[in-house]
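The structure under discussion appears below in the form of structure tokens.
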Amino acid sequence: MMGSKGNRFGIGPIDTPAAGLPRRNRDPGPMGVAVRESAASAQEASDALIEQRRQNAADAREFRAAKDEGRVLVPLPINGIGLDDLPRDRLDLQGVAASDEMEELKASIRERGQREPIEVFLTADGRYQLKKGWRRLTALRQLHAETEDPRFAFAIARVTVADADRVGLYVDMVEENVIRQDLSFAEMAQIAISLAADPQAGIADPEAAVARLYRSLHKVKRAYIRSFVALMAQIGPDLPFPKAVPRDLGVEVARRLAEGLKIPRDQLAACPTPEDQNRFLRDLLAGAAPVTDAAPADPATARQKYEFHVGETKVTARNGEFRLRAVFDYSGVERRVLERAVRAFQDVLAGKD
């Protein structure tokens, strides 16, 4: 039989240290401390990594939402932005492109860079189309063609996805210029006519187009625009300077046209200046024979202006002017190509081979 300190398995109690003897040190040694610190660091790193991934996912969602809403600015190649999806809200694009105001804008961009972004939308087939900023984009294209400076090869743009409501694209295009009062009544009327003629917009009535485009304007101003819609629809192609028609004159001419006023359109189209055009219209309203300051034309050259179409290009020819209107971005053509085309045009007129 085992002693009293044992048990049935023959395992005795753990000996306790004798009084006065030091207890065994159970604190971790250097290796244990290192292992513990490594484990703690690994846990902290894992927690930080999980939090970072969570934050990255949230940032990515926020960035995608901001980009879809047009709150992100990106650089886009100037020649990769189309101008053919929407009609522009200015009538004389060539005149604006060659104006003193365009030169002032170019000087500002040359000195300080592009300060205001343009706005584009992404079509279903992945193309960028201009919504706002035709003057800024044109200025950049002219500067790049003139200098070949890579600073002007890209436009800072706000990008959105094409709205399912096509009318919204028109509204976005004109809204800024309407607020700044940069558009004439003739231009506001013409874009309403274009919207009504757009088969994708679903608005066949220019009256309804005015209501949708300019709903934020006072009803009296919308009434003026409707008068100019009637004016542009009837004699717009024969107005040499539609933007120069004052509000009251345009409204009165539209009213008289509705009453049956007959306008000698060939004489109207031949007016050489905005002042001549408006005096011609006022004389008609007053019942007087319209006159101009021009000397009587020789019968052989009495035809001061004529128009015709070559394919989809409208050609206007008059003394000292030859104008092309087409759904084509001439500013995207290299300058030397345009120069070669103009020289060939001049050679043909001169009878050269």
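For this structure, a couple of remarks:
- For the stretch 180-255 versus the stretch 104-146, the gap between their alpha-carbon centres in whole angstrom: 26 Å
- Of the trypsin sites (Lys or Arg not before Pro) in the stretch 168-273, the ones in a loop by DSSP (not H, G, I, E or B) with at most 16 other beta carbons within 10 Å are 180, 215, 262.
- Distance between the pseudo-spin-label points of residue 261 and residue 211 (7 Å out from Cα toward the beta carbon): 2.7 nm.
- FRET efficiency for residue 313 and residue 56, using Cβ-Cβ distance with R0 set to 56 Å, rounded to 0.05: 0.60
- Residue-normalised accessible area of the stretch 182-272, given per residue in Å² at a 1.4 Å probe: 46 Å²
- Stretched out straight at 0.36 nm per residue, the stretch from residue 125 to residue 197 would grow longer than its current Cα-Cα span by 23.6 nm.
- With the simple model of a label 7 Å out from the Cα in the direction of the Cβ, residue 41 to residue 352 spans 8.1 nm.
- Under 5 Å, built H, 5+ apart or other chain: amide partners of residue 72: 159
- Extension gain from residue 115 to residue 323, taking 0.36 nm per residue of separation minus the Cα-Cα distance: 71.7 nm
- Cα gyration tensor, the stretch 151-264 - rounded (a/c under 1.5), prolate or oblate: prolate
The values are calculated or read from the model by the stated rules, or taken from the named source; none is laboratory data. The structure displayed is predicted, hence computed values, not measured ones. Cβ: placed from backbone, ideal geometry, glycine included. Neighbour counts: every protein chain shown. These area figures cover heavy atoms from the full protein model, side chains too; ligands, DNA and RNA do not enter into them. Shrake-Rupley method; radii C 1.70, N 1.55, O 1.52, S 1.80 Å.
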